[in-house]
Structure formats: structure tokens, C-alpha cells
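Shown next, in C-alpha cells, is the structure this report addresses.
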Amino acid sequence: MNVDYNETIPNNVNLADDRRLLRALERWQPAYLKWWEDMGPADSRNHEIYLRTAISVETDGWANFGHVRMPEYRWGIFLTPPDPDRKINFGMHKGEAAWQAVPGEYRSELRRLIVTQGDTEPASVEQQRRLGRTCPSLYDLRNLYQVNVEEGRHLWAMVYLLHAYFGRDGREEADMMLERHAGDPDRPRILQAFNEQTDDWLSFFMFTYFQDRDGKYQLASLAESGFDPLSRTCRFMLTEEAHHMFVGETGLARIVQRSCELMREHDTEDLRAVGGIDLAIIQRFMNFHFSICLDLFGQEKSTNAANYFTMGLKGRFQETRIDDDHQLDGMVYRVPVLDGGRIGTQEIAAVTASNERLRDEYTKDSQRGVDRFNKIIRDHGIDFELTLPHAAFNRSIGAFAGIHATPAGQVIDDAEWARRQGEWLPTPADHDYVNSLMVPVTEPGRMAGWIAPPRRGIHGQPLDYDYVRFH
Ligand SMILES: [Fe+2]
Ligand SMILES: [Fe+2]
């Protein structure tokens, strides 16, 4: 079904037939636009950007491409089409019909899941708001803004659920989404990784590689939810999320490519003199982003996670493809533990280990791209390997929160950590240097010197297309 692209809020949920809901959303929209103006991409209000806009959920034509000003972007509400026979596929309600309304007994748990997910969406827009000033190319600037408007739409997706299914407290939560801000000392965003700054483009590509991938895994497990509107919303969000991770993976691959070219050309590992980013700096940024993202999955052993699963609210990654009873009766899962200061493992009831299981899936998926970066390095004949740090490295949540460990997973004391963390995490000098490279390049087709050009343009357009028009 194609929607009326000219409605105030394009949607495929028959908003026009629900006057009360439409009015609630129309009241929220000006607050959203005000937030976009104050906290969204800086200095961008008059740029015309070649953006895709979701106009339906058809796989062959869900997006419309064209130049638009971001404040005029049509943030819509799209759910994948309902399956009238859909069942709850796991937990104690397995086999029952999926819920079309919020089950009263799980109302607060569901609201919490939706609010926690929803809060990350505007947070990332806030974190990235100054990047437009230092884009390495028009192509990259366009991708930044594409990610930003879609994170805005993801907020809309969650706010729709709150307005449509949670009454007054849902409306209050929707308002709060615009009142917490990334890094705000008084009202921070809910999850710590969404309070860190994303001030340079190396961090942006790390963010879209690692943080957006966390988003993929959270959305994928919410897409299994017995609460059908949540499931259908998340399924469509995953379509957009794929592009965000593409931006991250290709961005990092292009930086690695360029660094390798410069190393060969100048026969040096120290790229500061020639305006490139050392592989060692890339490794330290990777260590930081991967470790803070592992924290996003929560405690290894979690009663909340067990409840979400048993209640049928949040499933495992690709739940229906797993070959077991989907209730985890008597099953165990191996999680890391600290045993007298040493890192070991322990089997616990699988139902309480859902967070760890999802984190393991995430780690495997993160490694795939790193393997591709390493292939680029090898293809240049360079003896260097990027690695994901051990799960014990730089953690604030879970079994390893109280200790220090090297990226290789060796436990060390506070003194050694204090002395050596600059080998493993970005140093002030790294940040200063990376920031010194952040000089805007806005001529169509040109690239900053520290990043290789992409293989192709967006939606069949040439690389030197005017992806952003400044006014
Ligand atoms: Fe998102
Ligand atoms: Fe995303």
C-alpha cells in the first residue's frame, strides 16, 4: 500500500482514521521540530540534501530519493504489513496469538523496553550534530544527514507506539525523549554510550559500525516480540539500519585503505607527517567503541532479561531459526566470570543469559567487518592486524566492571592500567591529531586526504554529484 506522501505525517497505520492519535502526534511534532532545530545537525537548515524518504514498506520501492531541506523531511510511521496468523514464538505464551494491544500485566516492562530503545535514536543525532562542519566529502556529508534523519524517524517510530498504546504515561515518555540530551549532566540519555561525544569522522564511522550494530541486535530481538506493533515497527527500522552500518563499515574500510596507501607510498608507519591516520590510532578508537558497546548489552546474568524473554516481550536474535523449545527449559549457557581475580567461565540457566547470548552474536558480527579491514591491510603487504579487544577490556558493566584488563584479556592492576591505558585507548594527542585533520571538503567529487573515495555513489548517482547544495 502506498501512502499519501502529502500528509503531514506519512504513514501506513491509518492515522487519518484515528483523530485522537493524530492530534496527539500533531501536538508532539512542533516539539520535535524545535528539538531538531536546537539539537539536530548544526548549520544545516537551508542545505538541500539528496535524501531517501520512506514512503511505503514495499521492498522494491519503499524509498523516494530527492533533494530536500532537513526541517522539511517527512518523518513518517511505517510498520511492516501484519500477518493475521502471527503467534508468540517463545516464552511462557509460546503458541498464543501475538498481542495487538499491550497486555496489562506487562505494561511497564514493555514501556521500559520501548523508552530505552527510543532514547538512543535522538541521542545519536545529538552526538553527531557538529560533524557537518568538517565533512570529508559531499558524499559523506549526505550519508551523515541520511543517518540523522532516519534516527529521527526511529524516534517517531517509538513515539508512535507510546502515543498509540500507552495513553497518558506514554505521552509523558514521548515528551521526555526530547528533554534528555546526550552528555547533559542533569538529564543525560539513558545509556552511557549515547552520552559520549562523536566529534570527528573517525568516531562517526566507528559509531555507525559499532553503536548502530548494537541497534541492529536490539531491534532484531525486539522484532521477535509477542507485542505485534513493536515487532512490525522494528522490522521496518532494520531496513534503514542496514544503511547506517554500511556507512560505518565502508567509512572505516576507506580510512584503512587510505592509510595503507600512504604507508606504502611514503614507506612509514607514522602517517602524521603525511596527513593520514595511523593504523595504531584506528586500533585505539576501535578498542574504545567496541568496549563501550559491549556494555550496552547489560549484565551477563540478568533477571530483567530473563523476564523479558519468559514474558514474550524480547526474544533472542533470529529466535524462530533457533532449533530448541524456545522456552529454554533446563538449558544452560556459558558466561564469563571472575574467579579470584582470574577470568573464567560458568554455566548458568540459559534464560538468565539472554544478554550474554546477544552480546556473543554481536561480537561475531563485529568481527566480520574487521576481517575485511585486515584483508585490505594484507593486500597492501603490510604486517598489521586490527583486533577487537577482549570482553574484559575497559568495561563498566558486568563481570569485568571492577577490574582492568589489557586488550588481550590479561588482568592487570590499577597502577599498570594508569601507566599503559594510552597504549590502548585514544589519547588526548590522538584526539588532537584526528581533529586537526577535520577540515571540510565540499567540492563535488573531492575527498579529504585521510580517506579513500567510495567505490560508487548513492542510488546510481556519480561520485561527483552535488549530494548537498548549500544555500
Ligand atoms: Fe536507529
Ligand atoms: Fe542507526
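The values are calculated or read from the model by the stated rules, or taken from the named source; none is laboratory data. Predicted model, so just to flag it, every value in this text is computed and none were measured. Note that each Cβ is placed from the backbone with ideal geometry, even for glycine, and that neighbours are counted across all protein chains shown.
Of the residues making up the range 34-81, just one is of a type in the set (A, V, I, L, M), in a loop (DSSP other than H, G, I, E, B) and under 19 Å from ARG129 (Cα atoms), namely ALA42.
VAL125 falls short on exactly one of the conditions (1) surrounded by fewer than 24 Cβ atoms within 10 Å (Cβ to Cβ); (2) over 12 Å from the mean Cα position of the chain (by Cα), and that condition is (2).
Listed conditions (1) part of a loop (DSSP other than H, G, I, E, B); (2) surrounded by fewer than 17 Cβ atoms within 10 Å (Cβ to Cβ); (3) at pLDDT 95 or above are all met by HIS471, apart from (3). In the set (1) within 16 Å of the chain's Cα centre (by Cα); (2) touching a residue at least 60 places away in the same chain (Cβ under 8 Å), GLY91 fails one condition alone, (1). Taking the numbered list (1) touching a residue at least 12 places away in the same chain (Cβ under 8 Å); (2) surrounded by 13 or more Cβ atoms within 10 Å (Cβ to Cβ); (3) at negative phi in turn, GLY409 passes all entries but (3).
When each of THR208, THR198, THR233 is tested for being under 15 Å from VAL125 (Cβ atoms), in contact (Cβ under 8 Å) with a residue 12 or more places away in the chain, hydroxyl-bearing (Ser, Thr, Tyr) and part of a helix (DSSP H, G or I), the lone residue that passes is THR208. Of the residues making up the range 211-230, those that are in a helix (DSSP H, G or I) and more than 13 Å from ligand 1 (Cβ to nearest atom) number 4.
Quick check: anything in the range 161-171 under 30 Å from LEU425 (Cα atoms) and surrounded by fewer than 24 Cβ atoms within 10 Å (Cβ to Cβ)? No, the range 161-171 has no match at all. Total residues in the range 358-415 satisfying the condition of being of a type in the set (D, E, K, R) and assigned to a loop (DSSP other than H, G, I, E, B): the figure is 4.
Matching residues to (1) of a type in the set (D, E, K, R); (2) farther than 16 Å from ASN287 by Cα; (3) in contact with a strand residue (DSSP E or B) (Cβ under 7 Å, 6 or more places away or on another chain):
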{"residue": "ASP360", "(1), (2), (3)": "yes, yes, no"}
{"residue": "ARG378", "(1), (2), (3)": "yes, yes, no"}
{"residue": "ILE382", "(1), (2), (3)": "no, yes, no"}
{"residue": "ALA391", "(1), (2), (3)": "no, no, yes"}
{"residue": "GLN421", "(1), (2), (3)": "no, no, no"}
{"residue": "THR427", "(1), (2), (3)": "no, no, no"}
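Selection of the range 12-58 for residues being among the polar types (S, T, N, Q), in contact (Cβ under 8 Å) with a residue 40 or more places away in the chain and out of contact with any strand residue (DSSP E or B) (no Cβ under 8 Å at 6 or more places or on another chain) yields SER44, SER56. Taking every residue in the range 244-270 that is closer than 18 Å to LEU437 by Cβ and assigned to a helix (DSSP H, G or I) and pairing it with any residue that is modelled with pLDDT under 95 and more than 16 Å from ligand 1 (Cβ to nearest atom), at least 6 positions away or on another chain, the pairs with Cβ-Cβ distances below 7 Å are MET263/GLU269. Within the range 182-193, is even one residue touching a helix residue (DSSP H, G or I) at 6+ places or on another chain (Cβ under 6 Å), in a helix (DSSP H, G or I) and at pLDDT below 95? Yes: one or more hits. When you look at SER259, is it crowded, with 22+ Cβ neighbours inside 10 Å, among the hydroxyl-bearing types (Ser, Thr, Tyr) and either over 30 Å from LEU191 (Cα atoms) or within 13 Å of ligand 2 (Cβ to nearest atom) (or both), yes or no? Criteria met by SER259. Considering only residues in the range 128-147 that are more than 15 Å from ligand 2 (Cβ to nearest atom) and of a type in the set (S, T, N, Q), the one that is surrounded by the most Cβ atoms within 10 Å (Cβ to Cβ) turns out to be SER137. When the range 123-150 is filtered for residues that are among the polar types (S, T, N, Q) and away from ligand 1 (no atom under 14 Å from the Cβ), the ones remaining, listed by number, are THR134, SER137, ASN143.
In the range 242-250, the condition of being under 30 Å from ILE88 (Cα atoms), within 13 Å of ligand 1 (Cβ to nearest atom) and touching a Ser or Thr at 6+ places or on another chain (Cβ under 6 Å) is met by at least one residue. Put simply, of PHE166, PHE90, PHE78 the only residue that is of a type in the set (Phe, Trp, Tyr), within 16 Å of ligand 2 (Cβ to nearest atom), more than 30 Å from VAL441 (Cβ to Cβ) and in contact with a helix residue (DSSP H, G or I) (Cβ under 6 Å, 6 or more places away or on another chain) is PHE78.
Only one entry of THR120, THR116 meets the criterion of being within 16 Å of ligand 1 (Cβ to nearest atom), of a type in the set (S, T, N, Q), touching a Phe, Trp or Tyr at 6+ places or on another chain (Cβ under 6 Å) and under 30 Å from PRO185 (Cβ atoms), and that entry is THR120.
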